[in-house]
2 protein chains.
Amino acid sequence: MADTTTEIPKHDVIIVGAGPAALTAAIYTTREDIETLLFERGVVGGLAAVTDKIDNYPGFPDGVEGLTLAQDLQKQAERFGAVIELGEITAIHDEGEYKRIESTSGDMHARAVLIATGSDYKKIGVPGEQEFYARGVHYCATCDGAFYREKKLVVVGGGNSAVQEAIFLTRFASHIDLLVRSTIKASDVLQQELQEYVDKGKITIHLNTTTDLIEGEDKFVTKVTGTKDGKKIEFDVDGVFVFVGLEPNSEFVKNSAVLLDEIGFVTTNQDLMTAIPGVFACGDIRSGATMQIASAAGEGATAALKIREYLEGRAHPIQN
Amino acid sequence: MADTTTEIPKHDVIIVGAGPAALTAAIYTTREDIETLLFERGVVGGLAAVTDKIDNYPGFPDGVEGLTLAQDLQKQAERFGAVIELGEITAIHDEGEYKRIESTSGDMHARAVLIATGSDYKKIGVPGEQEFYARGVHYCATCDGAFYREKKLVVVGGGNSAVQEAIFLTRFASHIDLLVRSTIKASDVLQQELQEYVDKGKITIHLNTTTDLIEGEDKFVTKVTGTKDGKKIEFDVDGVFVFVGLEPNSEFVKNSAVLLDEIGFVTTNQDLMTAIPGVFACGDIRSGATMQIASAAGEGATAALKIREYLEGRAHPIQN
């Protein structure tokens, strides 16, 4: 539908998203004078910006507030010339040397595009879930499990991920109530392993149990209420970990030539390039992502180097 | 030669090296109560520790001193329980569940090993090179090129890397003298592109020219002296970039089952595992490394998650 008689704005690099992966890539491209425009439809800093305390981002011995890290990443990218626009990219079209981007600011062309839109944790959508996010309600055991040493937890979910993370969280928690809406869908091996923790009294399984309400005092979770076989059931706990899946933010490329895996993550080659030449992906949107800020930022740096190679029209030999 | 009648010390994870990749991995493993011992034969913090200012490590908007970042990474890993031993690992043997490590502290067993020994830039070995390291003498254009906007530079080397980085540095530098010991060994395509920059007056090539001496004033480089066709030749410049190759620190695994690429970098699969099950590699020692601290730290985080999966004896489904 684009009117080819009208010139549309041209950019060197457009980055979709402005989380840690996107901002790190922008630090690298703009520091090398590669003009870069970022589009963010939500919060600059992504999931990191709405995380209370980040304990394992390397370089901050006492941890760092998520919002502080997000703002510092933004400052660093803007210091070198990155421009962040609030708006949404709705489609990517491969038109050869230039990719055409449809956005809420109109169409534009970019020589290279980096998809760094991240993933969201699926929510259960109950009262208290949003209110206590990151202050008792968590979605990443690797990130936040260590804050719950000798504490009591509820884990919500019945798939492989929920069972495995519940087992993992027994490293820290004194006891875990596992709330499963219907029945456990995890693999046989995992179910056998889970039984060992049930036998040891570390995990109690509650099947056919919905999670209805998360309550707290002084901004911290104290109680989770559910319904089991039609009856109210209460859990006095210090935190809730929800593992009901991830939602990669890839809907805007579903009708493009960019390939997605079965869950909807963007697949790339070892140079982080997608199925469209010149369109790259990094961070939590990429198939194989670890949902860790350090890994996402690291991939952002690598993606920027690969984009430079691509823009130069040749491989950039780093190692000889 | 190990006496199997004697018990040797057992560890969960031994990390070879204590640079950013190693320390980030240790932050992750120890925070999850996986006992971890690091061996460092040189400086804790690796190349980062001896870098004056790091401008592109994500999270520090005004840059960070290399030594500060290194010390903070060390503090963070030690806060969670990582133990750093000064000493050298000299061999790795695959003995099944446990790997046997030969070290300057004797033999020990580890359930998993992470090779994170990094790479060194090859030196030319002339007076002033060490004295002005990171204060006018550099080995990474991506890292330090942006400090030389509108400055004059010498670039040393004649291979693909030297030619490509010289071209890259013209983004910043007003003029570059390229000092080539014999003749240019770069690809035809690169040589043609180089010629364009010579024609534009941005790069001057000096063949059969050795680099003999780097001098400076007030701790900054001001002059490089070489010999061309038996005659002394002087260059008044602000910096020197040396691109004569990388030396991966992999000699200690050369007689093991760990596979190396043609240059000596450790090859891994997508889970960062080497050819020995339970032996992983990440950061600048890994084939495909970018020589960027952010990428190395990111791989350290990813490697730690993969090591945990391995120790648990099953895949850790991060995405379902």
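The values are calculated or read from the model by the stated rules, or taken from the named source; none is laboratory data. Since this is a predicted model, take the numbers as computed values, not measurements. Note that each Cβ is placed from the backbone with ideal geometry, even for glycine, and that neighbours are counted across all protein chains shown. Just the protein is used for accessible areas: all its heavy atoms, side chains included, with ligands, DNA and RNA removed. Shrake-Rupley method; radii C 1.70, N 1.55, O 1.52, S 1.80 Å.
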Query raised in the report: Restricting the search to the stretch B:67-86, which residues are without any contact (Cβ under 8 Å) to a residue 40 or more places away in the chain, under 30 Å from A:Glu78 (Cβ atoms) and more than 8 Å from chain A (Cβ to nearest Cβ)?
Result: B:Leu67, B:Thr68, B:Gln71
Requested in this report: Just need a number here: residues in the stretch B:157-213 that are without any contact (Cβ under 8 Å) to a residue 12 or more places away in the chain and either under 30 Å from A:Thr30 (Cβ atoms) or in contact with a Gly (Cβ under 7 Å, 6 or more places away or on another chain) (or both).
Outcome: 7
Requested in this report: For the stretch A:43-66, enumerate the residues that are over 19 Å from A:Gly145 (Cβ atoms) and either of a type in the set (Ser, Thr, Tyr) or within 10 Å of another protein chain (Cβ to nearest Cβ) (or both).
Outcome: A:Gly59, A:Pro61
Requested in this report: Determine, yes or no, whether B:Val198 is of a type in the set (A, V, I, L, M, F, W, C), in a helix (DSSP H, G or I), away from every other protein chain (no Cβ under 14 Å) and surrounded by fewer than 23 Cβ atoms within 10 Å (Cβ to Cβ).
Outcome: yes
**Report entry** Options A:Arg308, A:Arg286: the member that is under 22 Å from B:Asp284 (Cβ atoms) and more than 10 Å from chain B (Cβ to nearest Cβ)
**Finding:** A:Arg286
Report task. Could you tell me whether the stretch A:124-135 includes any residue that is within 21 Å of A:Gly313 (Cβ to Cβ) and not in a loop (DSSP other than H, G, I, E, B)? Result -> no
Report task. May I ask you to list the residues in the stretch B:180-189 that are farther than 19 Å from A:Arg308 by Cα and out of contact with any helix residue (DSSP H, G or I) (no Cβ under 9 Å at 6 or more places or on another chain)? Result -> B:Arg181, B:Ser182, B:Thr183, B:Asp188
Requested in this report: Return a yes/no flag: does the stretch A:118-130 have any residue that is touching a helix residue (DSSP H, G or I) at 6+ places or on another chain (Cβ under 6 Å), modelled with pLDDT of 95 or more, open to solvent by 10 Å² or more (accessible area, probe 1.4 Å) and more than 11 Å from chain B (Cβ to nearest Cβ).
Outcome: yes
Report summary line: Pairing a residue in the stretch B:273-287 that is in contact (Cβ under 8 Å) with a residue 12 or more places away in the chain with any residue that is among the charged types (D, E, K, R) and in a loop (DSSP other than H, G, I, E, B), where Cβ atoms lie under 9 Å and the two sit 6 or more apart in sequence or on different chains, gives B:Gly278/B:Glu97; B:Phe280/B:Asp271; B:Ser287/B:Asp261
Report task. Kindly indicate whether B:Thr183 is assigned to a strand (DSSP E or B) and closer than 19 Å to B:Val156 by Cβ. Result -> no
Report task. Have a look at A:Ala25, A:Ala2, A:Ala18 and point out the one that is out of contact with any Leu (no Cβ under 6 Å at 6 or more places or on another chain) and either modelled with pLDDT of 95 or more or open to solvent by 10 Å² or more (accessible area, probe 1.4 Å) (or both). Result -> A:Ala2
Requested in this report: Sort out which residues of the stretch A:135-194 are open to solvent by 50 Å² or more (accessible area, probe 1.4 Å), within 14 Å of chain B (Cβ to nearest Cβ) and under 22 Å from A:Thr51 (Cβ atoms), and write them in order of number.
Outcome: A:Phe147, A:Arg149, A:Arg171
Requested in this report: Please enumerate the residues belonging to the stretch B:64-81 that are open to solvent by 20 Å² or more (accessible area, probe 1.4 Å) and not aromatic (Phe, Trp, Tyr).
Outcome: B:Glu65, B:Leu67, B:Thr68, B:Gln71, B:Asp72, B:Gln74, B:Lys75, B:Glu78, B:Arg79, B:Gly81
